[in-house]
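Participant: Provided herewith is a single structure, encoded as structure tokens, for subsequent inquiry.
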Amino acid sequence: MATLHIDTELFKLKNSLQEMWLLVDKQLTKAQIAFMEYDKAIAREILSREKMVNALELKIDQECENFIARNNPVAIDLRLALAYIKINNNLERIGDFAEGIAEFVLRNMSEKLPQEFAEKLRIEEMFNGVSEMFTLAKESLHEENSAKAEKIFGLDNLVDEINHRSNPIITEEMKKHPEKIEEYLYLNAVIRKLERMGDRCNNIAEEIVFYLDAKILKHNKSV
């Protein structure tokens, strides 16, 4: 009977976290559209939903804490509850970064990025890489597939590489357009936000592997 009760509560937690996944996924998708298309209306939609993300994070944290306090879970059930708490936090941070990109579009962006400049920066590739990481994380947890989660680590390397190569490209563009120096400084911050989104997806993958395989990958240099 106790096992059935725990399974029921874990199912409710899973549904709450799934709601968070879907909400943040929409924020991430809209951030890409708002930035790539210079769409201020979409950017405003992102800002209007940010309070929902924050409220849901607090709700899920509370539900996880209550589950642990009431059931004193052990082994895989405990690992799952702990993983949910950390995944929830990382999802909320990804939502924050999407909000930051929306703020850039509304307050600091003067026009759609010139195509040649955007291609040099590989910024759409960076957005797509983060989006693929996010999707893999969601699928790997749903399917309980740690091998799929570990694919995220390779994609994170690609996102990091694009980030590292962006500084000289932006500096060169600043020299060509000194009137846009401030805007391009903020653009550099957007690229950094995308890199941090990748890091958060990486964190989620580590938590999934921890839950499924009881392996701690954090700070593991071989990953």
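Participant: Between a first residue in the stretch 141-163 that is over 19 Å from LEU91 (Cα atoms) and a second residue that is at pLDDT 95 or above and hydrophobic (A, V, I, L, M, F, W, C), which pairs have beta carbons less than 6 Å apart while being 6 or more apart in sequence or on different chains?
Facilitator: Partner pairs satisfying both residue conditions: ILE162/MET126; ASN163/ILE191.
Participant: Of the conditions (1) surrounded by fewer than 18 Cβ atoms within 10 Å (Cβ to Cβ); (2) aliphatic (A, V, I, L, M); (3) under 17 Å from GLN32 (Cα atoms); (4) over 17 Å from the mean Cα position of the chain (by Cα), ALA189 satisfies every one except a single condition; which number is it?
Facilitator: (4)
Participant: Buried (at least 19 other Cβ atoms within 10 Å of the Cβ), part of a helix (DSSP H, G or I) and hydroxyl-bearing (Ser, Thr, Tyr): does that describe TYR211?
Facilitator: Criteria met by TYR211.
Participant: Take GLU125 and tell me if it is over 19 Å from SER16 (Cα atoms), in contact (Cβ under 8 Å) with a residue 24 or more places away in the chain and either surrounded by fewer than 18 Cβ atoms within 10 Å (Cβ to Cβ) or small (Gly, Ala, Ser) (or both).
Facilitator: yes
Participant: Inside the stretch 110-163, can you point out the residues that are polar (S, T, N, Q) and farther than 16 Å from ARG192 by Cα?
Facilitator: SER110, GLN115, THR135, SER140, ASN145, SER146 - these are the residues of the stretch 110-163 that are polar (S, T, N, Q) and farther than 16 Å from ARG192 by Cα.
Participant: Suppose we keep only residues that are surrounded by fewer than 21 Cβ atoms within 10 Å (Cβ to Cβ) and not hydrophobic (A, V, I, L, M, F, W, C) within the stretch 15-29. Which one would you say is farthest from LEU80 (Cα to Cα)?
Facilitator: Ranking the qualifying residues of the stretch 15-29, first place goes to THR29.
Participant: Inspect all residues belonging to the stretch 145-160 and state whether any of them is of a type in the set (Asp, Glu) and at pLDDT below 95.
Facilitator: yes
Participant: Quick test for you: out of GLU206, GLU150, GLU144, GLU173, pick the one residue that is acidic (Asp, Glu), under 14 Å from the mean Cα position of the chain (by Cα) and either on the phi > 0 side of the Ramachandran plot or surrounded by 16 or more Cβ atoms within 10 Å (Cβ to Cβ) (or both).
Facilitator: GLU206
Participant: Being more than 22 Å from ASN145 (Cβ to Cβ) and either among the aromatic types (Phe, Trp, Tyr) or in a helix (DSSP H, G or I) (or both) is the filter here; which residues of the stretch 65-88 pass it?
Facilitator: GLU65, ASN66, PHE67, ILE68, ALA69, ARG70, ASN71
Participant: Is it true that LEU47 is modelled with pLDDT of 95 or more, in a helix (DSSP H, G or I) and surrounded by fewer than 17 Cβ atoms within 10 Å (Cβ to Cβ)?
Facilitator: It is true that LEU47 is modelled with pLDDT of 95 or more, in a helix (DSSP H, G or I) and surrounded by fewer than 17 Cβ atoms within 10 Å (Cβ to Cβ).
Participant: Out of (1) in contact with a Phe, Trp or Tyr (Cβ under 9 Å, 6 or more places away or on another chain); (2) more than 30 Å from ASP213 (Cβ to Cβ); (3) surrounded by fewer than 17 Cβ atoms within 10 Å (Cβ to Cβ), what's the single condition that is false for ALA102?
Facilitator: Result: ALA102 passes all but (3).
Participant: Among the residues of the stretch 48-86, which ones are without any contact (Cβ under 8 Å) to a residue 24 or more places away in the chain and hydroxyl-bearing (Ser, Thr, Tyr)?
Facilitator: Listed by number, the list holds a single entry, SER48.
Participant: Among the candidates LYS12, LYS26, LYS59, LYS86, single out the residue that is within 18 Å of the chain's Cα centre (by Cα), among the basic types (Lys, Arg) and more than 30 Å from GLU119 (Cα to Cα).
Facilitator: Answer to the selection: LYS86.
Participant: Continuing with the same structure: Identify the single condition in (1) touching a residue at least 12 places away in the same chain (Cβ under 8 Å); (2) under 25 Å from GLU207 (Cα atoms) that GLU37 does not satisfy, given that it satisfies every other one.
Facilitator: (2)
The values are calculated or read from the model by the stated rules, or taken from the named source; none is laboratory data. Since the structure is predicted, the reported quantities are computational estimates derived from the model, not experimental observations. Methodologically, a virtual Cβ is constructed for each residue, glycine included, from the backbone with ideal geometry; neighbour enumeration extends over all protein chains shown.
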